[in-house]
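Encoded as structure tokens, the structure appears first; notes follow it.
The values are calculated or read from the model by the stated rules, or taken from the named source; none is laboratory data. This is a predicted model, so every value here is computed, not measured. Counting neighbours? That spans all protein chains shown, and the Cβs are built from the backbone with ideal geometry, glycine included. Side chains included, ligands, DNA and RNA excluded: accessible areas come from the protein's heavy atoms. Shrake-Rupley method; radii C 1.70, N 1.55, O 1.52, S 1.80 Å.
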Amino acid sequence: MTTRAVHPSDTTYATRPSAAPVMGTGRRIMRAVALAATLPYLGLKAAWLGGSRIGIPDGSVLLEPGLFFTVANAVTLVMDATVILIVLALTRPWGMRVPSWLLAIPVFAATGLLTPILTGFPGQMLVKALGMGADEAAGAAQEPFLDPWVFNVVYGGFTLQGLALAGLFVPYARERWGRRWQGVLGKRLPSSTGVVAGASAVTGTAVASVYLYWAFGGTAGLTAKQVAAYSAETGVVSAVHAMCALIAAAGALLLARGGERPVRGPLALTWIGSAAALSWGAWMLIAVLGPDPEGEQPSAMLHLAYAGQMITGILGALVLTRFLASRRTV
């Protein structure tokens, strides 16, 4: 009877079952920041589920009767609570024994949801600081949704979460799977993976083109409310989604092509870009399928743009998975 030798890069990390993350002062601070940053959002969601109207103005669609927003609040509360589990997994000894896929999936989703906020929210603040924020006409066109302070508190918390999670995940991944980050890309992936990467490039470019068109004031495919509410701030958001689709496609192509380029850059591009495209495409597609009190129907172009984001993200994730599988013996 023979025993299989476990390679140091094995995803089960069986060669170091008692290994624990090295916790210096910096990582302890980031852990505290990440945990504290979840509290405002969790508090608001819990209050709304309990019937409170804090931060919700009169006339907001959130006050409409129905099950949709109750379920949405419950789901998003659970999603933000999951951040607490991720933080603990990245900083506690038992986190090194969590199956790779069980940790990678929520971290991938968190990366995708938080990356556009990390880039878009500061961009919107800069636009406002430069005096290019929404004018009175655009502001008046927007339906009441939440009080302005809610966005600042929530998105400020998300920004801190994203920065802290990145600061915790990168060293954790280095300690657990570091050998897969070393060296160069190496040999080209199989041709079937190259086809997937090429498809990601096509869909990513198409999605980015649409979002850049909207970012600079294009109106085709948008609802009347979206057209009326356009400003430099909404343009920043569209530009960020375009950027995420493009970097997902670029990263997938680089991973599939291989070569002498260092691994880290293409790996980071594909992880971040595909996560953002998939997560936000799905999120916005769900949003437009929700109730609209005025009965305004989203256009086919909107549905296609969101679906295209999802497809770009899925294809990029497939290339990423295939690449990482090829590095098991690296």
Can you pull out the residues in the range 276-327 that are at pLDDT below 85, within 25 Å of residue 67 (Cβ to Cβ) and not hydrophobic (A, V, I, L, M, F, W, C)? 290, 291, 292, 293, 294, 295, 296, 297, 298
Whether any residue in the range 67-83 is in contact (Cβ under 8 Å) with a residue 12 or more places away in the chain, more than 16 Å from the chain's Cα centre (by Cα) and not in a helix (DSSP H, G or I) is what I want to check. no
Run down 258, 251 and say which single residue is modelled with pLDDT under 95, open to solvent by less than 20 Å² (accessible area, probe 1.4 Å) and under 20 Å from residue 325 (Cα atoms). 258
Going by the conditions given, is residue 35 in contact (Cβ under 8 Å) with a residue 40 or more places away in the chain, assigned to a helix (DSSP H, G or I), out of contact with any Gly (no Cβ under 9 Å at 6 or more places or on another chain) and open to solvent by 30 Å² or more (accessible area, probe 1.4 Å)? yes
Can you go through 315, 285, 320 and tell me which one is open to solvent by less than 60 Å² (accessible area, probe 1.4 Å) and without any contact (Cβ under 8 Å) to a residue 40 or more places away in the chain? 285
Within the range 176-195, the count of residues that are at pLDDT 90 or above and open to solvent by 40 Å² or more (accessible area, probe 1.4 Å) comes to 5
Mind checking which residues of the range 213-223 are open to solvent by less than 70 Å² (accessible area, probe 1.4 Å) and either part of a helix (DSSP H, G or I) or among the acidic types (Asp, Glu) (or both)? 214, 215
